[in-house]
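Following: one structure in structure tokens, then a few remarks.
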Amino acid sequence: MVRIEQVEVVIADIPTIRPHVLAMATMHSQAVVLVFLRRSDGIVGVGEATTIGGLAYGEESPESIKINVETYFAPILKSCDADDAASCMALLSRHIVGNRFAKCAVETALLDGLGQACGLPVSDLLGGRRIDRLEVAWTLASGDTATDIEEGERVLEARRHRHFKLKIGKRDVAADCAHVGAIARAFEGRASVRVDVNQAWTRDHAEQGAALLQDSGVVLIEPPLGKADFEGMAELADRHEIAIMADEALIGPDSARQLAKARAGDAFSLKITQSGGLVPTLQVAAIAETARIALYGGTMLEGGIGTAASAHVFACLPDLVWHTELFGPLLMTEEFLAEPLIYQDFGLIVPDGPGLGVRVDRNKLDRFRRH
Ligand code: MUC
Ligand code: MG
């Protein structure tokens with residue numbers, strides 16, 4: 001039996017290329033939590049968890065992920081067969097409630113280790129990839145219309161992105177929709193525009209906003225309403241042509257079933273952290289597919305490891321109607337992978353080496369490691 005001999009958790013604070021303005025937080029850096037599992041055969045598997053704005057997005061913080069993995073996950077992991085990722089995760093779930101982000105990092109590290117041991121990419125362990133390149137949207141979130149247009153022009157010209165997501169919800173609805181309208185006009189016929197309100201609107205705001213955004217040619221709205229308002233989301237999706245996407249409310253297979261039953265959105269934003277791991281993300285996707293809910297490959301603004309893990313999962317799915325937003329590493333000023341992920345032709349190339357197919361450069365990481 002291959003044992004897990006060492007569990008190491010590192011938090012690294014990586015600056016962002018510009019302030020990233022969301023309804024609930026403005027980010028100047030991203031706290032990346034990396035979990036390294038050293039196996040008795042010498043292989044080291046790595047996984048990542050991130051959140052957004054400390055405790056502003058979810059109920060786990062970078063610090064809670066680190067302390068909980070070190071204190072509660074590690075002793076259980078040390079009793080597991082490292083080659084049996086499913087049994088390890090089942091044992092963890094029996095003893096640890098919640099902690100989806102931490103579970104995601106640990107499951108990723110188990111699968112990375114297993115993939116390296118048997119010479120297979122994680123996507124093969126998950127059933128096999130269907131595509132090698134995932135189209136990637138970019139988030140324009142400087143908070144300023146002219147800066148956003150300039151930034152959009154640059155990444156479009158570089159053939160890096162042709163779908164833009166705008167973060168709104170901080171200003172009043174009319175001001176936000178005017179900002180979005182100006183950007184949608186600037187890119188009309190050249191790039192698609194979607195928005196993420198991150199739950200900041202009331203039902204009245206959402207009615208008003210959905211109509212204005214639809215008129216501006218915007219194609220999709222990520223959670224306009226609070227995550228508990230399934231009814232409001234369903235009514236909005238029913239009344240407007242513009243697609244309504246569930247995101248914050250989607251926290252694993254049980255929530256997927258409830259959201260699908262309530263028809264609380266036309267689309268699901270799949271996130272490996274929010275789902276509690278790679279396998280649970282596939283379960284969420286399967287529920288969506290059977291309910292005829294469109295799929296989107298979401299991000300928690302992960303660095304290279306979480307982004308590669310997400311890419312392996314998303315590459316296994318039959319149809320990502322809304323593509324992905326796996327741009328996390330591009331929002332950070334620094335790279336901690338030995339070889340960066342490849343973005344070309346508006347997409348991300350899914351790594352094809354064993355495990356995640358990417359490696360952490362510990363020297364690079366150490367420069368940003370929190371002590
Ligand atoms: C979210 O809510 O979707 C994804 C892209 C981005 O800028 O923020 C995230 C979180
Ligand atoms: Mg979102």
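Observations on the model:
- Flag for V195 being touching a Leu at 6+ places or on another chain (Cβ under 8 Å) and either surrounded by fewer than 17 Cβ atoms within 10 Å (Cβ to Cβ) or closer than 20 Å to L259 by Cβ (or both): yes
- Of all the numbered requirements in (1) farther than 25 Å from Q344 by Cα; (2) open to solvent by less than 60 Å² (accessible area, probe 1.4 Å), G128 misses one, and that requirement is (1).
- For the stretch 1-26, a residue qualifies if it is of a type in the set (A, V, I, L, M), under 18 Å from E335 (Cβ atoms) and either within 16 Å of ligand 2 (Cβ to nearest atom) or open to solvent by 30 Å² or more (accessible area, probe 1.4 Å) (or both), and exactly one does: I17.
- Failed criterion for T202 (all others in (1) surrounded by 16 or more Cβ atoms within 10 Å (Cβ to Cβ); (2) among the β-branched types (V, I, T); (3) away from ligand 2 (no atom under 16 Å from the Cβ) hold): (1)
- Answer residue from the stretch 317-339, given it is away from ligand 2 (no atom under 15 Å from the Cβ) and hydrophobic (A, V, I, L, M, F, W, C) and is most open to solvent (accessible area, probe 1.4 Å) among those: V321
- The stretch 198-223 - residue that is closer than 23 Å to K261 by Cβ and touching a Gly at 6+ places or on another chain (Cβ under 6 Å) and, of those, nearest to ligand 1 (Cβ to nearest atom): Q199
- One residue stands out among those in the stretch 95-116 that are open to solvent by 10 Å² or more (accessible area, probe 1.4 Å), hydrophobic (A, V, I, L, M, F, W, C) and in contact (Cβ under 8 Å) with a residue 12 or more places away in the chain: the one that is farthest from M300 (Cα to Cα), which is L114.
- Only one of the numbered conditions (1) without any contact (Cβ under 8 Å) to a residue 12 or more places away in the chain; (2) under 30 Å from T147 (Cβ atoms) is violated by H205, and that is (1).
- Test: A249 is farther than 24 Å from V122 by Cβ, open to solvent by 10 Å² or more (accessible area, probe 1.4 Å), within 13 Å of ligand 1 (Cβ to nearest atom) and assigned by TED's automatic domain parsing to the domain that holds L166: yes
- All positions within the stretch 61-82 that are part of a loop (DSSP other than H, G, I, E, B) and either crowded, with 17+ Cβ neighbours inside 10 Å or in contact with a helix residue (DSSP H, G or I) (Cβ under 6 Å, 6 or more places away or on another chain) (or both): S61, C80, A82
The values are calculated or read from the model by the stated rules, or taken from the named source; none is laboratory data. Every value quoted in this text rests on a predicted model; they were computed, and no experiment measured them. So basically every Cβ, Gly included, is an ideal-geometry build from the backbone, and we count neighbours across all protein chains shown. Accessible surface areas use protein heavy atoms only, side chains included; no ligands, DNA or RNA. Shrake-Rupley method; radii C 1.70, N 1.55, O 1.52, S 1.80 Å.
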